[in-house]
Amino acid sequence: MWAEEHPNDEKWVLMGQVKSNFTPLGRTQFFGKSGGVFDWYGASRVRGSLFSDLQPGPEPQGVLKAALWLEEYMSKDEQGMPLGCVKWDSKALIDAGVEAGHARSTLYKARGALGLICVRLHDSSHGATWQLPPL
């Protein structure tokens, strides 16, 4: 097990599993830690292996921040309502991520950390879609 402070909000902690000999790894969990009380917030698609590979420095923390931003951005509409597993145009997501302050290369690494479902389009656009995997 590991625990890591949320890089964007110090009142939250991410907790997850790095290794299991018998079963698949469980989902990363969010917990609140305000006032000495732990409150469960929800699950994340960020893979536990990302945390076990984190080294000190700006890039690994940047990938974590970008992954958490990407998951939140893809999970809700403009009014904050849950979207489910919607297919997003990858170029639009990358443009929004760059506008939010994340590097393009970091967003591609964050895509892998979330296990996004990527489908290349074989039409005239030659684009791709990204989709959140189910929790």
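The values are calculated or read from the model by the stated rules, or taken from the named source; none is laboratory data. In this text the structure is predicted, and so the values were computed from the model without any measurement. Glycine gets a Cβ as well: all are built from the backbone with ideal geometry, and neighbour counts include every protein chain shown.
The table below gives the values:
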item	result
Breaking point among (1) at pLDDT below 90; (2) within 15 Å of Asn8 (Cβ to Cβ); (3) loosely packed, with under 12 Cβ neighbours inside 10 Å, for Gly62	(3)
Residue check for Met74: within 25 Å of Ala128 (Cα to Cα) and either polar (S, T, N, Q) or modelled with pLDDT under 75 (or both)	no
Residue that is modelled with the lowest pLDDT, among those in the stretch 1-14 that are under 20 Å from Ala66 (Cβ atoms) and surrounded by 12 or more Cβ atoms within 10 Å (Cβ to Cβ)	Trp2
In the stretch 89-105, residue nearest to Glu71 (Cα to Cα) [restricted to those that are of a type outside the set (A, V, I, L, M) and crowded, with 19+ Cβ neighbours inside 10 Å]	Gly97
Pairs where the first residue, in the stretch 20-41, is under 20 Å from Glu5 (Cβ atoms) and the second is of a type outside the set (Lys, Arg) and part of a helix (DSSP H, G or I), C-beta under 7 Å, 6+ apart	Thr28/Gly48
Subset of the stretch 21-58 [over 16 Å from the mean Cα position of the chain (by Cα), small (Gly, Ala, Ser) and either within 14 Å of Leu135 (Cα to Cα) or modelled with pLDDT of 75 or more (or both)]	Gly32, Ser34, Gly35, Gly36
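A quick yes/no check of all residues on (1) more than 14 Å from the chain's Cα centre (by Cα); (2) under 25 Å from Pro60 (Cβ atoms); (3) β-branched (Val, Ile, Thr):
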site: Asp89; (1), (2), (3): yes, no, no
site: Ala92; (1), (2), (3): yes, no, no
site: Ala96; (1), (2), (3): yes, yes, no
site: Gly101; (1), (2), (3): yes, yes, no
site: Arg111; (1), (2), (3): no, yes, no
site: Cys118; (1), (2), (3): yes, yes, no
site: Asp123; (1), (2), (3): yes, no, no
site: Gly127; (1), (2), (3): yes, no, no
site: Leu132; (1), (2), (3): no, yes, no
